[in-house]
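Participant: Quick one: this structure, given as structure tokens, is what I'll be asking you about.
Derivation of every value follows stated rules applied to the coordinates shown; laboratory data play no part. Just so it is clear, the structure is predicted and the values come from calculations on it, not from any experiment. Here the Cβ is made from the backbone with ideal geometry for all residues, glycine too, and neighbour counts use every protein chain on show.
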């Protein structure tokens, strides 16, 4: 397994940067300190930067030679609204905010790669270093695109990587096709007519309509969609009433829908709306139906996923390159993959054994208050970024 020597030489420096970022987490679109640190390091290494894309996002530019080809490498920067349970020295200094998804590590991996690329420049073309805000529900990727990311910085492909707990350190995974689901939420407010629970015939019960509605929704997955196509419809909230002898005027149902295709998403939304409206009509009540599409599915382009797998295999060995198992979690890199060819990969974060310092009682899982990024991944991930950029921008052979 190859790791670039110069990256190992700077491993302690990069780990210190990662620890600093972990201790100072910033939520979506609030990444002012993080962006300033990134900008300062890139400037120190002679890398031109452009700030303010997607509010707090920035792009670094490393050029060499005369080729017009360009590749984008993306890292996310934001933290989560979680109070950290870890007690090690680099634990969050800001209660209620925590790097519980490893974006501090993603940022540092790309910084380490940037330092090496700026010094060696063993490629012909342009590497765009994309430091993105607000992946955790803010749609920072979409905001950067709206601010001209791909118009101002023309690139032929774009790549991203996320740490994956449970996968061994030193292992990677990438595959063509869907790797993350779409993220969508719904809220249905049922408007009835409340009254005395002992005289239900005098009103119109929104709870009864809601119960029928929730049950009918599951028939969409079992009877309307193709059984071999994955889809999730989860009702996660059902709120109504506050007294045991009063039928309430309203009931509220909310939840999430996840799919790997827009076509299935269209079907689920249409059937949910029909079921909600007709169920309410059958029970003599009415409803308002809100369905919000947040992130589209993350779908890797075949050529770019195969290219990334080749680089992984050449660099780390075929035994360390796995098939990507799709997950119904969501990722706003999906917006970038809608706009440009590219691929989204996993890098193994291990089983949590790297947390030798005092840590919380929970497992080292994403979005968990006891999570911590594995510093070994910094040189591993940076090595992949460097080799991928060098291969993508390899000088033409005359």
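Participant: For the chain, modelled as a Gaussian network with Cα springs under 10 Å, which listed residue fluctuates most, 174, 228, 257?
Facilitator: 228
Participant: Okay, moving on. Would you mind checking the tilt of helix 206-219 against the longest principal axis of the Cα atoms of the chain, expressed as 0 to 90 degrees and rounded to 10?
Facilitator: Between the helix axis and the principal axis of the chain, the angle is about 50 degrees.
Participant: To continue, here is another question. Which stretch or stretches of the stretch 58-82 have amide N atoms under 12 Å from the point lying 7 Å from residue 51's Cα along the Cα→Cβ direction?
Facilitator: 58-59
Participant: Can you grab the distance from the C-alpha centre of the stretch 37-54 to the C-alpha centre of the stretch 67-113, Å, no decimals?
Facilitator: When both Cα centres are located, 16 Å separates them.
Participant: Connecting C-alpha atoms closer than 10 Å in a GNM of the chain, tell me which of 284, 210, 125 has the biggest fluctuation.
Facilitator: Largest GNM mean-square fluctuation: 284.
Participant: Shifting gears a bit: What is the Cα centroid distance between the stretch 338-398 and the stretch 187-202, reported in whole angstrom?
Facilitator: If we compute the Cα centre of each part, the gap is 52 Å.
Participant: Oh, and also: Have a look at 319, 331, 84 and tell me which one the Gaussian network model of the chain (Cα, springs below 10 Å) gives the largest fluctuation.
Facilitator: Of 319, 331, 84, the most mobile in the Gaussian network model is 319.
Participant: For the stretch 112-249, what does the relative contact order come out to in percent, with C-alpha contacts under 8 Å and a separation of six or more?
Facilitator: On the way: 70 pairs, mean separation 27.9, N = 138.
Value for the stretch 112-249: 20 percent.
Participant: While we're looking at this one, here's another question. Which parts of the stretch 147-170 would a label at residue 329 reach, counting a residue when its backbone N lies under 14 Å from a point 7 Å out along Cα-to-Cβ?
Facilitator: Under cut-off, by backbone N: 161-168.
Participant: With log10 I(q)/I(0) by the Debye sum over Cα atoms at q = 0.06, 0.09 Å⁻¹ as the read-out, I listed [x] -0.29, -0.60; [y] -0.52, -0.81; [z] -0.23, -0.52; which label goes with the value calculated from this structure?
Facilitator: Calculated log10 I(q)/I(0) by the Debye sum over Cα atoms at q = 0.06, 0.09 Å⁻¹: the matching label is [x].
Participant: Specify the angular offset, from 0 to 90 degrees and rounded to the nearest 10, of the alpha carbon long axis of helix 103-120 from the longest principal axis of the alpha carbons in the chain.
Facilitator: 20 degrees
Participant: To continue, here is another question. Compute the long axis of helix 262-282 from its Cα atoms, compare it with the longest principal axis of the Cα atoms of the chain, and write down the angle in degrees, 0 to 90, nearest 10.
Facilitator: For helix 262-282, the angle is close to 20 degrees.
Participant: Want the number for residue 191 to residue 33: 0.36 nm per residue separation, take away the alpha-carbon distance, what's left?
Facilitator: Result: 52.3 nm gained on full extension.
Participant: Based solely on its DSSP helices, what 222 nm [θ] is calculated for the chain when runs of n ≥ 4 H residues each add -39,500 (n - 2.57) and the sum is averaged over all residues, nearest 500 deg cm²/dmol? Show your work: numbers first, answer last.
Facilitator: Numbers: 11 runs with 134 residues, N = 398.
Helix-only estimate at 222 nm: -10500 deg cm²/dmol.
Participant: Please figure out what share of the DSSP beta bridges in the chain is antiparallel and state it in percent, rounded to the nearest 5.
Facilitator: Percentage antiparallel, nearest 5: 70.
Participant: Could you work out the relative contact order of the stretch 183-295? I mean the mean sequence separation of Cα pairs under 8 Å and 6+ apart, divided by the number of residues, in percent.
Facilitator: Worked out over the stretch 183-295, it gives 44 percent.
Participant: Tell me the relative contact order for the chain as a rounded percent, counting alpha carbon contacts under 8 Å between residues six or more apart. Intermediate values should be presented prior to the final figure.
Facilitator: Working: 928 pairs, mean separation 100.1, N = 398.
Relative CO of the chain lands at 25 percent.
Participant: What FRET efficiency, computed as 1/(1 + (r/R0)^6) with R0 = 22 Å and r the Cβ-Cβ distance, is obtained for residue 87 and residue 9, rounded to the nearest 0.05?
Facilitator: With a Förster radius of 22 Å, E is 0.10.
Participant: Then there's this: Would you please state which residues of the stretch 190-208 a label at residue 290 would reach in this model, taking the label point 7 Å out along Cα→Cβ and a backbone N cut-off of under 13 Å?
Facilitator: Only 190 pass the distance filter.
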